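Below is one structure, written out as structure tokens; the observations come after it.
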Amino acid sequence: MIKKLFYTLLLLSVLSACASPSPTPVPTTPALTIPEVSEPVVDWWRTAVFYEIFVRSFYDTDDNGIGDFNGITAKLDYLQSLGINGIWLMPIHPSPSYHGYDVLNYYAVNPDYGSMDDFKNLLNEAHKRDMHIIIDLVINHTSSQHPWFKDANANPDSPYRDFYLWGDASGAGNWHEGQNSYYYGYFWEGMPDLNYTNPAVTEAMLKVTDFWLNDVGVDGFRIDAVKHLIEEDGKVENTPATHAWLKDFYTAYKAQNPQAYTVGEVFGAGASVVRLYTDEELDHIFNFEMSSGFVNSANGGANSGITSAVKFALMDMPDFDYATFLTNHDQNRAMSVFYGDVNKAKLASFLMLTSPGTPYIYYGEEIGMQGVKPDEDIRLPMQWNADEFAGFSTSTVEPWRAPFTDYTQVNVEVQTGNPNSLLEHYRALIELRKTHSTLQSADIALLDAGDSGIFATLRTDANGIYLVLANLTDEAITDYEFDFNTAGLAESVASVETVFGADQAQVPVRSGEAFDPYQPFESLNPFAMYILKLNP
């Protein structure tokens, strides 16, 4: 039934079927037709470096203590200098909450952040810089104050009644008491789940995606809570019905814009789960297994976490077609996990930015912003300089929440141009990732150094062979070596170029048909990081 619905949507305009009673009139959606593509489609997101922004906390230009669209526009040059070419905006729709994950109107922007014209100007300015912008699309649920739900809750005969899930059982678990019966809300009572077994809900959401992709011009969506879309046979996540719906959703949004990109949040997913969602369901899923590997190995000084994550990826997702990150807006910030240790923060970013996958950087991560839950405190104002309130506003207006206490020492201004800073470390690695495409998506082979404090890989494709090497510990390591024979390195190496790092490495020696054990440096300094290009 779902598949028939989608192909009907590709031919017909269905506005009249579910016109929204939201305050802003629902625009007419044209018939969805599959455009002819004359040239091979290049997946721009495979070579992107994304930056996640909580608009409320980024930069305030109208001096009301709340970040806004114009604030992001004003900082696009900064993002470009960092090497960012993709931006993910956390929810921008009207909402009764500070975070925005309970939507009131899918066709409007949060007035706290500015006007739709302000947002379109941001899009235009980003596109001029060859940056893409995706927005959070919250489709699992709406706000309990959304006009659909308010009407459905008050009137059992409402045309929107079947947009939600209702029952007569007690309000235990994820069921909450409404005006006439209980309704289902997985996260809490203020977020009633939408009912995707009702074709009208699917129709409504496809009109939403068409509006944002074609009328407004965004480049795609981050799909929130995607594993919870359809409950089935007592299961509340990753159900067959959810996968079936997403396959048809993929067909529909690619028809609306073949270069539209979606990345899904499947909280906790490793490569084996990621694989289930990337077979023409969504373009990417966040790989939480890789995230834990980056952070835990950098924090613990041992390679077991990242080695395990790479092994699972090699087994389940050998094309590494997923999104990577350190931490996001739902987790304690990476620098707080590292207890303020800049060396560990540098290691974690090195592991991520030299690994395959599309990396996402949480705003402020590149300067080492700290924050631990509650959620408001992992979403604090960006620290631009040492001025009052971290330079968050164009004047000294107090922001919606106070910045972290270290902002006078940890900020963009003080780190810019300092070669030892975390910010310049990020800049250098992002630039190298772009310059040396092998670091983006090439094959990866794990190397065993004989010491758990060392993580090393060979990245190989037609553009080169790179040895990525890190000492994860705070002590020098001298007793280590690599076996290039088991790594599949077939050619002799004539020279070694140090792409990242301070020292010149030894050249591997090949005796006959085999390489001798290889030790590029007599000693690996504490927290040493290298990218070495092996030239045949």
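The values are calculated or read from the model by the stated rules, or taken from the named source; none is laboratory data. Everything quoted here is computed from the prediction, not taken from an experiment. Glycine gets a Cβ as well: all are built from the backbone with ideal geometry, and neighbour counts include every protein chain shown.
Take region 313-357 and flag every residue that is farther than 15 Å from residue 455 by Cα and of a type in the set (D, E, K, R).
316, 319, 321, 330, 333, 341
Working only within region 492-536, note down all residues that are charged (D, E, K, R), touching a residue at least 24 places away in the same chain (Cβ under 8 Å) and surrounded by fewer than 12 Cβ atoms within 10 Å (Cβ to Cβ).
522, the sole residue that qualifies.
May I ask you to list pairs of residues, at least six apart or on different chains, whose Cβ atoms are under 6 Å apart, with the first in region 472-483 being within 10 Å of residue 454 (Cα to Cα) and assigned to a loop (DSSP other than H, G, I, E, B) and the second being charged (D, E, K, R) and modelled with pLDDT of 95 or more?
480/451
Residue 313 fails exactly one of the following numbered conditions: (1) buried (at least 24 other Cβ atoms within 10 Å of the Cβ); (2) at pLDDT 95 or above; (3) under 26 Å from residue 527 (Cβ atoms). What is the number of that condition?
(2)
Out of all the residues in region 97-113, is one or more surrounded by 22 or more Cβ atoms within 10 Å (Cβ to Cβ), more than 20 Å from residue 222 (Cβ to Cβ) and not hydroxyl-bearing (Ser, Thr, Tyr)?
no
What about residue 466, is it over 20 Å from residue 299 (Cβ atoms) and touching a Gly at 6+ places or on another chain (Cβ under 7 Å)?
Values: over 20 Å from residue 299 (Cβ atoms): yes; touching a Gly at 6+ places or on another chain (Cβ under 7 Å): no.
Here the answer is no, as residue 466 does not meet what is asked.
Within region 481-519, can you find the residues that are touching a Leu at 6+ places or on another chain (Cβ under 7 Å) and aromatic (Phe, Trp, Tyr)?
482, 500, 515
Going through region 180-200 one residue at a time, which ones are farther than 20 Å from residue 227 by Cβ, part of a loop (DSSP other than H, G, I, E, B) and out of contact with any Ser or Thr (no Cβ under 9 Å at 6 or more places or on another chain)?
180, 181
Taking the options 457, 478, name whichever one is closer than 28 Å to residue 345 by Cα, crowded, with 18+ Cβ neighbours inside 10 Å and at pLDDT 95 or above. Reasoning before the result, please.
Details: 478 fails: crowded, with 18+ Cβ neighbours inside 10 Å.
Of the residues listed, the single one that is closer than 28 Å to residue 345 by Cα, crowded, with 18+ Cβ neighbours inside 10 Å and at pLDDT 95 or above is 457.
Going through region 52-69 one residue at a time, which ones are surrounded by 21 or more Cβ atoms within 10 Å (Cβ to Cβ) and farther than 19 Å from residue 404 by Cβ?
Passing the criteria: 68, 69.
Name the residues in region 94-137 that are part of a loop (DSSP other than H, G, I, E, B) and basic (Lys, Arg), would you? Spell out how you get there, then give the answer.
From region 94-137, those part of a loop (DSSP other than H, G, I, E, B) are 94-110, 114-115, 129-131; that's our starting set.
The answer is 129, and nothing else.
Taking the residues in region 356-398 that are among the hydroxyl-bearing types (Ser, Thr, Tyr) and either in contact with a helix residue (DSSP H, G or I) (Cβ under 7 Å, 6 or more places away or on another chain) or assigned to a helix (DSSP H, G or I) (or both) as candidates, determine which candidate is surrounded by the fewest Cβ atoms within 10 Å (Cβ to Cβ).
396
Please specify each residue of region 147-179 satisfying the condition of being part of a loop (DSSP other than H, G, I, E, B) and either among the small types (Gly, Ala, Ser) or out of contact with any helix residue (DSSP H, G or I) (no Cβ under 9 Å at 6 or more places or on another chain) (or both).
Across region 147-179, the qualifying residues are 156, 157, 158, 165, 168, 169, 170, 171, 172, 173, 174, 178.
Tell me the residue from 214, 174 that is over 27 Å from the mean Cα position of the chain (by Cα) and either more than 30 Å from residue 87 (Cα to Cα) or surrounded by fewer than 19 Cβ atoms within 10 Å (Cβ to Cβ) (or both), please.
174
Which count do you get for residues in region 430-459 that are aliphatic (A, V, I, L, M), without any contact (Cβ under 8 Å) to a residue 40 or more places away in the chain and in a loop (DSSP other than H, G, I, E, B)?
Count: 1.
Of these, 522, 481, 513, 491, which one is charged (D, E, K, R) and either under 27 Å from residue 342 (Cα atoms) or under 33 Å from the mean Cα position of the chain (by Cα) (or both)?
The unique qualifying residue is 522.
Identify all residues within region 305-318 that are more than 18 Å from the chain's Cα centre (by Cα) and outside any helix (DSSP H, G or I); write none if there are none.
Once the filter is applied, which keeps residues that are more than 18 Å from the chain's Cα centre (by Cα) and outside any helix (DSSP H, G or I), region 305-318 yields only 318.
So, in region 128-160, of the ones that are without any contact (Cβ under 8 Å) to a residue 60 or more places away in the chain and under 21 Å from the mean Cα position of the chain (by Cα), which residue ends up surrounded by the fewest Cβ atoms within 10 Å (Cβ to Cβ)?
Within region 128-160, the match that is surrounded by the fewest Cβ atoms within 10 Å (Cβ to Cβ) is 130.
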